[in-house]
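Below is one structure, written out as C-alpha cells; the observations come after it.
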Amino acid sequence: MPTMRALGPGSLSSFLKTVLDLVWILLLVVLAILAASLLYGVLAAVNPALPFARLALFEGLDPLQAWAVVLVRLLTAFLFVAGVQVIVSRLREIFATLKAGDPFHPENVTRLRVVAIGLAWLELVRYAVWILGALLPPPAAPDRPNLSLTAWFSVLVVVVLAEVFREGARLRREAELTI
Amino acid sequence: MPIRVTLDRLLVQRRMSLAELADRTGLTAANLAILKDGEARALRFSTLEALCRELDCEPGDLLSREPEERRA
C-alpha cells in the first residue's frame, strides 16, 4: 500500500503548510476587520451621530452600555484571533522547515516555545474575559469559564516537544561536525 | 576539544596539499578543513582509516591530546 511521505516537498507537511498559509491569510483579514470594528466602536460610543451608533442589542441597556459590551467582546475576539494568528504564523515557519526536510532546524525550538505561550495566552484570554465580564451589566456578562485541563496539557506537551527539538538540533549539529 | 587532529603537520611532512588529500581519500576539502582547524566534534573510523592509508601513518600519528590549560 503506498504511504504518503510526512516530510519533504510534495509530502503531508507540504499540504499542511499550504493549509496554514490559507488560514494565516484568513486570520489577517479577520484581524483587520476586528481592528476596524473596534476603532468604529470607540468612535460610535463617543459620537451618537454616527450610523448604527444607537445600539439596542441588549434590553435594559443604554447605547453607551451596549457599546461597552460590544467593545469588550470585540477586544476579546481581537486578542483571541491575534493569539491564534501568532500560533499559526509560527506553525507556518515550522512546517516550512518540515517541507524542506529539515525538522531539527535550531529556530524550531523558539517557534515551538512561542506556540506554547500562544496556547497559554488563549486560555488566559478566556479567564480575562470572564473577569472583565463580571464588570459588565448582567445581560451581557459571559458564563464562568471551566478550567480546561486539555488546553493546559497541550501547553505542557508543546513545551516538552520544544525540548525534544532542541535535542534534535543538537544531534544534527553533532552529525554535521562528525567527519 | 582537548583532542587535536594534527593533519597540518602530517600534510607538511608528506608534502601533500589539502586538495590532493581530499581527492585521494574521497573526503571533501571542506570537511578536511574542519578537521584541520579543530572544529570537528567526532571522527568516523572510516575517515580515520582513509586518512591513515593515504598519509601512511598510524591513528596515533594523527591525534594528539592537548592539556586543558592550553585550550581557549
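3J(HN,Hα) couplings calculated from phi for the range B:52-64 with the Karplus curve 6.51 cos²θ - 1.76 cosθ + 1.60 (θ = phi - 60°) are, in sequence order, 4, 4, 6, 9, 6, 9, 9, x, x, 6, 8, 10, 9 Hz; Gly and Pro show x. With the Kirkwood sum run over all distinct C-alpha pairs, chain B has a hydrodynamic radius of 12.4 Å.
Measuring heavy-atom accessible area with a 1.4 angstrom probe and counting protein chains only, the residues of the range A:154-179 that give up at least 40 Å² relative to the chain alone are A:174, A:177, A:178, A:179. Database remark: amide H of residue B:63 closer than 5 angstrom to the amide H of B:6 (H placed geometrically; neighbours at sequence offset of 5 or more, or on other chains; Pro and chain starts carry no H).
The mean sequence distance of close C-alpha pairs (under 8 Å, at least 6 residues apart), as a share of the length of chain B, puts its relative contact order at 52 percent.
Considering Cα pairs under 8 angstrom that are at least six residues apart, work out the relative contact order of chain A and quote it in whole percent. Across chain A, relative contact order equals 23 percent. Backbone geometry of the range A:156-168 corresponds, through the Karplus equation with coefficients 6.51, -1.76 and 1.60 at θ = phi - 60°, to 3J(HN,Hα) couplings of 5, 4, 5, 4, 5, 4, 4, 5, 4, 5, 4, 5, x Hz, x marking Gly and Pro. Surface composition of chain B: carbon and sulfur atoms hold 49% of the protein heavy-atom accessible area at a 1.4 Å probe. D by Stokes-Einstein for the protein assembly as shown, Kirkwood Rh over Cα pairs, 37 °C, 0.692 mPa s: 138 µm²/s. 3J(HN,Hα) along the range A:98-115: 5, 4, 7, x, 10, x, 9, 5, x, 5, 5, 4, 5, 4, 5, 5, 5, 4 Hz, from the Karplus curve 6.51 cos²θ - 1.76 cosθ + 1.60 with θ = phi - 60°, whole Hz, x for Gly and Pro. At full extension, residue A:153 and residue A:96 could sit 17.9 nm farther apart than now, given 0.36 nm per residue minus the alpha carbon distance.
The values are calculated or read from the model by the stated rules, or taken from the named source; none is laboratory data. What you are looking at is a predicted structure, and each value in this text was computed from that prediction instead of being measured. Only protein heavy atoms, including side chains, enter the accessible area calculation; ligands, DNA and RNA are left aside. Shrake-Rupley method; radii C 1.70, N 1.55, O 1.52, S 1.80 Å.
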